[in-house]
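Enquirer: First the structure, which I've put down as structure tokens, then a few questions once you've had a look.
The values are calculated or read from the model by the stated rules, or taken from the named source; none is laboratory data. Computed from a predicted structure; not experimentally measured. Note that each Cβ is placed from the backbone with ideal geometry, even for glycine, and that neighbours are counted across all protein chains shown. For the accessible areas, the whole protein counts, side chains as well, though only heavy atoms, and no ligand, DNA or RNA atoms are used. Shrake-Rupley method; radii C 1.70, N 1.55, O 1.52, S 1.80 Å.
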Amino acid sequence: MGCAVIYVDEKRGRFHLQGRGYSYCLQLDEEGRLLNLHWGGRIPDADLSQLLSFYWEGASFDLRYGRLPLELPTPGAGYYGTGALSAVNPNGDSILCLQYKGYTLTAGKPALPGLPASYVESPDEAQTLTLLLEDELLGLRVRLMYTVFANYDVLARSMAVENAGKAPLELTCMLSASVPLYGCDYDLLHLKGGWGRERAPQRVPLNQAISRVESRRGASGHEQNPFLAVLEKSATEFQGRVWGQTLVYSGSFLAEAAVNNFGHTRLSIGLHPDMCHWRLAPGESFQTPEALLVYSDQGLNGMSQAFHALIRQRVCRGYWRDRQRPVLINNWEGTYFDFTEEKLLAIAEKARDIGVELFVLDDGWFGKRNTDTCSLGDWVVNLDKLPGGIRGLSEKMHGLGLLFGLWFEPEMVSPDSDLYRAHPDWCLHAKDRVRTQARHQLILDLSRQDVQDYVIQAVASVLERDGVDYVKWDMNRNMTEPFSALLPAEGQLETQHRYMLGLYRVLETLTARFPKVLFESCSGGGGRFDCGLLYYMPQTWTSDDTDANERLQIQYGTSIVYPPAAMGAHVSAVPNHQTGRIASFQMRGNVALAGNFGFELDLTALPQQELDQAKEQVLAIKSLRDTLQKGVFTRLESPFEGNFAAWQFLSQDGADLLFCAYQRLVQPNPLSHRIRLRGLEPEACYRTEDGQSYSGGRLMEVGLPIPLPKEDFSSYILRLHRS
Ligand code: GLA
């Protein structure tokens, strides 16, 4: 375990989770309540109980309860905030009185039943502490699970609730983490957005109020990401204390920063309590999703780098996790629904010639789908468009030396489809109510096992038969009537979470059955960019907005939590289809390289000069892929704050650096502008490809001027190698 360790002193009721760069200190008080005395910088395992007195400063006795830094706040006894756990019992009240009962400390990390979660590959990579609490009156047992990783600066936290009593209970709130922080002089950071402008960082001061970000949509959503951080007011990208939380989950969520009347902050994240109630019969258990907690004293980049490392290596899984991701071409913006096999093959040949490795056939290949008004659910090839079927096309693609990928939207059904005509009750709906359509479609009820099995079979039969190497798994609308024909009235509020469990079962089954297929998730672009889906599919289509200038912001904001290796980024045509803007081919390529690189345009319409540029870009990407996918990514200059954006990738061994700078608009008589690089060895010498050399110290302290051309939306890329 190296320098990460969990200290347990049960006699004094102390649990000290000491990660590589943080401490998370729990203490039982004299009444058996679990208190959180410190989550922040690493401290020695000293007398933690003294920390408690900080919370008492100036308190009169009768106000003490509200000041208690509870690790698991529950309704009753004077706690008035959002509870981390609440349950209605047969008496109709929701009082919980949880007392510590014991602990277990194990090497490694157990899987969470039915849910995606961070994992280890061998027991010596982590230690897991499980604390058992119980409400004896109800027989309600709570297991709080904490994992400290030897190699990652992240704490994983989740909760399991068991009804060991005799009467049924209804769980009405089960958050994954709810952590008190001393003081309130902080800013709050979250990632806001909408379709085509996902994950823009928004930083606001915290006040004595409750600041919430949430999704009730049955998807993590374009609007808010399941992430929240509080920062010291002086914190920047590079320095200062930051506490961040994200959730390994893809459905409705709540994340909250609440400042109470004593000037303390509570940071919470978990299932949205309004969207998930759960009946818990005697003998049953409920497992919450996992929260990932990061403390950094190295500013936002420090927090992001901790998230990136864990997400890339211990949330993402499988064959493609560490493999170089193929450079792809997707036909969506090139042809939309209007394609023939001949057209696709013509694009594919050009793609092969410039070094592309994977051809992805997007929407429109099945049923009678020539518009978005029909056929979702009928995953049978349209032989008018593709006379040789998918198999025929994939053979031709393989013959060209390309991998072959296919778009599906398996969670959906069009009212105009054979599937819907056969099974009108298979979609989410409320009895006798309108079934609201969005993009002319309804959502299949994945809370039902028969529907899950249908989806598994429909996708699997194509993958088995037709030689498919890659799947783009899309999901283009949110839930409006999240209810199920199979659940009783009192279970309807379980539908959303049961849907997510069903989706995870479908994905677990398919990814296990087809381990070498590369899955990329998508949701109207980046409407479901979260750790839950990254567990099954190691890359996500970042946004339907492919404009290079817009992508600077979208990719910059996404990187607050997610690593570049998780982001799909494509060069598309100009004028750009979303904005009408024109950026040079070079700029479009230089923005797309900071993700899983691909093209999304009709290559047969490109002039030779741009095809040559595309070929050069692909060649460069291939030689940089390890650094781009596995290197340490650092944001240097924010496109939200000025005319420039810059970032760098530093290879794992520190020997290769890629510096990328972008200018949005040309300015006359511009101010001088230098950008400082980060994380280099001050004494080492770094050489550019054209033979210039600089010391690491100079690059970090003096910085680099950016020789950007007099052209709107221009870019500058520099490769440096430590000699
Ligand atoms: C969504 C996706 C796009 C494309 C279309 C196809 O909008 O985000 O990339 O696949 O669906 O209908």
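Enquirer: Might you let me know whether the stretch 527-543 holds any residue that is in a helix (DSSP H, G or I) and either within 16 Å of the ligand (Cβ to nearest atom) or at pLDDT below 95 (or both)? Spell out how you get there, then give the answer.
Expert: Of the stretch 527-543, the ones in a helix (DSSP H, G or I) are 531-534.
Add one more test, that the residue is either within 16 Å of the ligand (Cβ to nearest atom) or at pLDDT below 95 (or both), and what stays is 533.
Yes, that holds for at least one residue.
Enquirer: Further question: State whether the residues of the stretch 457-467 include one that is part of a loop (DSSP other than H, G, I, E, B) and either under 14 Å from GLU409 (Cα atoms) or in contact with a strand residue (DSSP E or B) (Cβ under 8 Å, 6 or more places away or on another chain) (or both). Spell out how you get there, then give the answer.
Expert: Going residue by residue through the stretch 457-467, those that are part of a loop (DSSP other than H, G, I, E, B) are 467.
Still in the list and also either under 14 Å from GLU409 (Cα atoms) or in contact with a strand residue (DSSP E or B) (Cβ under 8 Å, 6 or more places away or on another chain) (or both): 467.
Among the residues of the stretch 457-467, at least one is part of a loop (DSSP other than H, G, I, E, B) and either under 14 Å from GLU409 (Cα atoms) or in contact with a strand residue (DSSP E or B) (Cβ under 8 Å, 6 or more places away or on another chain) (or both), which makes the answer yes.
Enquirer: Still on this model: Inside the stretch 219-332, counting only strands (runs of 3 or more DSSP E) that do not spill past its ends, which hold 3 or more residues that are within 17 Å of the chain's Cα centre (by Cα) and under 26 Å from TYR556 (Cβ atoms)?
Expert: Working: elements: 227-232, 242-248, 253-259, 265-271, 278-280, 285-287, 290-296, 328-330.
Because the criterion is at least 3 residues that are within 17 Å of the chain's Cα centre (by Cα) and under 26 Å from TYR556 (Cβ atoms), the strands (runs of 3 or more DSSP E) in the stretch 219-332 that meet it are 227-232, 242-248, 253-259, 290-296.
Enquirer: Follow-up. Would you be able to say whether some residue in the stretch 571-580 is assigned to a helix (DSSP H, G or I), modelled with pLDDT of 95 or more and more than 16 Å from the ligand (Cβ to nearest atom)?
Expert: Restricting attention to the stretch 571-580, the residues satisfying the condition of being assigned to a helix (DSSP H, G or I) are none.
Checked against the condition, which is being assigned to a helix (DSSP H, G or I), modelled with pLDDT of 95 or more and more than 16 Å from the ligand (Cβ to nearest atom), the stretch 571-580 yields no hits at all.
Enquirer: Here is a further query. Report every pair of residues separated by at least 6 positions or lying on different chains whose Cβ atoms are under 8 Å apart, first residue within the stretch 456-477 and farther than 16 Å from VAL506 by Cα, second of a type in the set (Lys, Arg).
Expert: That search, which allows pairs on different chains as well, returns ARG465/ARG391; ASP466/ARG391; GLY467/ARG391; ASP469/LYS516; ASN476/ARG439; ARG477/ARG439.
Enquirer: Any residue in the stretch 498-508 that is in a loop (DSSP other than H, G, I, E, B) and touching a residue at least 40 places away in the same chain (Cβ under 8 Å)? Break it down stepwise before answering.
Expert: Of the residues in the stretch 498-508, the ones in a loop (DSSP other than H, G, I, E, B) are none.
So far as the stretch 498-508 goes, no, none of its residues is in a loop (DSSP other than H, G, I, E, B) and touching a residue at least 40 places away in the same chain (Cβ under 8 Å).
Enquirer: So, one more: Conditions: (1) under 27 Å from ILE311 (Cα atoms); (2) open to solvent by less than 10 Å² (accessible area, probe 1.4 Å); (3) in a loop (DSSP other than H, G, I, E, B). ASN476 meets all but one. Number of the miss?
Expert: (2)
Enquirer: Could you check ALA422 against (1) away from the ligand (no atom under 16 Å from the Cβ); (2) touching a residue at least 24 places away in the same chain (Cβ under 8 Å); (3) small (Gly, Ala, Ser) and say which number it fails?
Expert: Among (1) away from the ligand (no atom under 16 Å from the Cβ); (2) touching a residue at least 24 places away in the same chain (Cβ under 8 Å); (3) small (Gly, Ala, Ser), ALA422 violates only (2).
Enquirer: Moving on. Just one of ALA645, ALA684, ALA655, ALA620 is in contact with a helix residue (DSSP H, G or I) (Cβ under 8 Å, 6 or more places away or on another chain) and either within 14 Å of LEU720 (Cα to Cα) or surrounded by fewer than 15 Cβ atoms within 10 Å (Cβ to Cβ) (or both); which is it? Please lay out each step first, then the result.
Expert: Working: ALA645 fails: either within 14 Å of LEU720 (Cα to Cα) or surrounded by fewer than 15 Cβ atoms within 10 Å (Cβ to Cβ) (or both); ALA655 fails: in contact with a helix residue (DSSP H, G or I) (Cβ under 8 Å, 6 or more places away or on another chain); ALA620 fails: in contact with a helix residue (DSSP H, G or I) (Cβ under 8 Å, 6 or more places away or on another chain).
Checking each option against the conditions leaves just ALA684.
Enquirer: Filtering the stretch 425-473 down to residues that are more than 22 Å from LEU361 (Cβ to Cβ), crowded, with 16+ Cβ neighbours inside 10 Å and within 16 Å of the ligand (Cβ to nearest atom), which residue is nearest to the chain's Cα centre (by Cα)?
Expert: Per the criteria, the residue is ILE443.
For (1) in contact with a strand residue (DSSP E or B) (Cβ under 6 Å, 6 or more places away or on another chain); (2) more than 15 Å from the ligand (Cβ to nearest atom); (3) open to solvent by less than 30 Å² (accessible area, probe 1.4 Å); (4) in a helix (DSSP H, G or I), each residue gets a yes or a no:
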| residue | (1), (2), (3), (4) |
| --- | --- |
| ASP372 | no, no, no, no |
| ILE390 | yes, yes, yes, yes |
| HIS398 | no, yes, no, yes |
| LEU406 | yes, no, yes, no |
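Enquirer: Quick one: is TRP278 among the aromatic types (Phe, Trp, Tyr), touching a helix residue (DSSP H, G or I) at 6+ places or on another chain (Cβ under 9 Å) and more than 26 Å from ARG477 (Cβ to Cβ)? I'd like the intermediate steps shown before the answer.
Expert: Numbers: among the aromatic types (Phe, Trp, Tyr): yes; touching a helix residue (DSSP H, G or I) at 6+ places or on another chain (Cβ under 9 Å): yes; more than 26 Å from ARG477 (Cβ to Cβ): no.
The answer is no for TRP278.
Enquirer: So GLU508 fits all but one of (1) open to solvent by 10 Å² or more (accessible area, probe 1.4 Å); (2) in contact with a Gly (Cβ under 8 Å, 6 or more places away or on another chain); (3) more than 16 Å from the ligand (Cβ to nearest atom); what number is the exception?
Expert: Every condition holds for GLU508 apart from (2).
Enquirer: Sort out which residues of the stretch 328-353 are surrounded by fewer than 22 Cβ atoms within 10 Å (Cβ to Cβ) and more than 16 Å from the ligand (Cβ to nearest atom), and write them in order of number.
Expert: Result: THR340, GLU341, GLU342, LYS343, LEU345, ALA346, GLU349, LYS350, ARG352, ASP353.
Enquirer: Then there is this: Assess whether ARG241 counts as being at pLDDT 95 or above, open to solvent by 40 Å² or more (accessible area, probe 1.4 Å) and within 26 Å of GLU494 (Cα to Cα).
Expert: On the way: at pLDDT 95 or above: yes; open to solvent by 40 Å² or more (accessible area, probe 1.4 Å): yes; within 26 Å of GLU494 (Cα to Cα): no.
Considered against the rule, which asks whether it is at pLDDT 95 or above, open to solvent by 40 Å² or more (accessible area, probe 1.4 Å) and within 26 Å of GLU494 (Cα to Cα), ARG241 comes out as no.
Every residue, every condition in (1) among the aliphatic types (A, V, I, L, M); (2) touching a Gly at 6+ places or on another chain (Cβ under 6 Å); (3) in contact (Cβ under 8 Å) with a residue 60 or more places away in the chain, yes or no:
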site	(1), (2), (3)
VAL120	yes, yes, yes
LEU131	yes, no, yes
MET145	yes, no, no
ALA156	yes, no, yes
PRO168	no, no, yes
PRO180	no, no, yes
GLY183	no, no, yes
